[in-house]
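Some notes on the structure that comes next.
The values are calculated or read from the model by the stated rules, or taken from the named source; none is laboratory data. Quick caveat: nothing in here was measured; it's all calculated off a predicted structure. A quick note on method: Cβ atoms are made from the backbone with ideal geometry, for glycine too, and the neighbour counts reach across all protein chains shown.
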């Protein structure tokens, strides 16, 4: 069985204010899950 992961390496969301970045990243993670990814990873500082 193949597994697919999605790595979010950038926390910039064009057109978003800084306080909206978490919502933007969460939306990306939910979209990845809906597309069939079994894990979502984020980069640390």
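Please identify the pairs in which a residue from the stretch 1-30 that is within 19 Å of residue 44 (Cα to Cα) has its Cβ atom under 7 Å from the Cβ atom of a residue that is part of a loop (DSSP other than H, G, I, E, B) and modelled with pLDDT of 90 or more, counting only partners at least 6 apart or on another chain.
Taking only residues 6 or more apart or on different chains, the pairs are 5/37; 5/38; 6/37.
Just checking, how many residues over the stretch 13-35 are outside any helix (DSSP H, G or I) and loosely packed, with under 10 Cβ neighbours inside 10 Å?
Here the count works out to 4.
Which of the numbered conditions does residue 6 fail, given that it passes all the others? Conditions: (1) touching a helix residue (DSSP H, G or I) at 6+ places or on another chain (Cβ under 9 Å); (2) assigned to a loop (DSSP other than H, G, I, E, B).
The single condition residue 6 does not satisfy is (2).
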